[in-house]
Amino acid sequence: MDGNTGPLADREWRLIREEAWSGPMNMALDEIAAETAADGGPRTLRVYRWAPSTLSLGYQQDPATVDWAHCEREGIGVTRRQTGGGGIYHDTDGDISYSIVAPSDELPSDLLDSYHLLCRPVLDAFDRLGVSAHVAETERPALYPPACYLRELHPAHDVVVGTETERKVSGNAQHRRTNAIVQHGSLTYSASPARHLAVFDDPGVNPETFRERVTGIDDHADVTRSEAVESLESALREWADADEGSWTDDELARARERASEKYASDEWTRRRPG
C-alpha cells in the first residue's frame, strides 16, 4: 500500500466513474448506495456531474430563497439534499461532484474525525492537480447564509485555497443514517459567479464579492475538466483500493423510482423548514 491508501482499503469498494444524472437521480443514487452498503453490499465511491445544471437546496433551506422563475426560464433543475447547509449551484461544466458511502460502524463516530478521514482523497486530488488546497483554518463571516459557498467557513468540511485570504474551492457534507454514512461534496472546477448568484431570489451580493470568497481549479492549474475528474477518480480509487464498478439494474430501477417519488416532487423540494 502507498501513502495515499486509507485505513478502509481492506474492505470491498467499487468506484463508479463520472456519470451525468439529473439532480433528483444524483440524490436518489446516494440513498440507494447507502442502502446497498448497509445491506452488506459494496461500499461506493462515485464521481458525477449534474445534467441539467442544478441548484441543490440544503435540507432545512427555505424555498423562498430560490428564484424559481429564473431556474425554470434557464432550464436549471432544483432538488433538495439530505444534508444541511445552503444551496449550491452545480453547473454542468463548472462543478465536479463525488460521494463516499460506507456502513456507519466502519467510520469514526466523531463527526470531525469522520470528515477528516473522508476528505483525505479530496485533498489528494487537489494535490495531484497542483492546487494548494487545505481545510479552512480562519473564520470568515457569512455573507448570505442561503448560499452554501457564502456561508461562514467551517474547519471540518470546507476546503479552501490561500492562506491570508482563504477562498472556498470545495464544500463537503455528511448524511449519517442509522446503518450507513454518505459524504458528498462539490469541487469547483470553474467558478461562475453570475450564474451561481442568479438562482437565489435576493442574494444581495455581487459577482465581484462572490469571487473574493470562491475560486475554481482552473484559476490555479492549467488542466482540463476531464483531467480534474481523472485526478479525483484516481485519488478515490487509490484511497480505498477500489475496483471499477457500476450500478446493478435493481439499484438503477430503485433510484429512478426514488427520484420520481421523492427528489423530483414539490412536496420534497418546496417544503418549508419544520
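Couple of notes before you dig in:
- ³J(HN,Hα) computed for each position of the stretch 76-86 - Karplus, 6.51 cos²θ - 1.76 cosθ + 1.60, integer Hz, glycine/proline x: 8, x, 9, 9, 10, 7, 7, 8, x, x, x
- Sparse-neighbourhood loop sites, GluC sites (Glu not before Pro) in the stretch 121-189 - DSSP loop, at most 11 other Cβ within 10 angstrom: E137, E139, E164
- Whole-percent pair-distance distribution, where bins are 5 Å wide, for the alpha carbons of the stretch 114-194: 3, 14, 25, 25, 19, 9, 4, 1, 0
- When only Cα pairs below 8 angstrom with a gap of at least 6 residues are kept, the chain shows a relative contact order of 28 percent.
- Taking amide H atoms as placed 1.01 Å from N in the peptide plane, the amide H of Q82 has no partner under 5 Å among residues 5 or more positions away or on other chains.
- Here the stretch 212-274 has 40 percent of its accessible surface on carbon and sulfur atoms, given a 1.4 Å probe and all protein chains in place.
- For the chain, no complete DSSP H run has alpha carbons reaching 30 Å or more along its own long axis together with a mean Kyte-Doolittle score of 1.6 or higher.
- Ranked by how many other beta carbons lie within 10 Å on average, peptides 18-29, 260-271 from highest: 18-29, 260-271
- Among residues other than G41 with Cβ under 10 Å from its Cβ, the summed charge is -2 (Lys and Arg +1, Asp and Glu -1).
- Evaluated at q = 0.09, 0.12, 0.14 Å⁻¹: base-10 log I(q)/I(0), Debye formula over Cα of the chain: -0.37, -0.69, -0.96
- The stretch 153-206 - Rg over Rh from alpha carbon coordinates, Kirkwood radius: 1.06
- In terms of the mean number of neighbouring beta-carbon atoms within 10 Å, the peptides 74-80, 174-180, 156-162 order highest first as 156-162, 74-80, 174-180.
- Convex hull volume per residue in cubic angstrom - Cα atoms of the stretch 156-274: 199
The values are calculated or read from the model by the stated rules, or taken from the named source; none is laboratory data. What you see is a predicted model, and the numbers here were worked out from it, not measured in a lab. Every residue, glycine among them, receives a Cβ derived from its backbone with ideal geometry; neighbour counts consider all protein chains shown. Note: areas computed on protein heavy atoms with side chains; ligands, DNA, RNA excluded. Shrake-Rupley method; radii C 1.70, N 1.55, O 1.52, S 1.80 Å.
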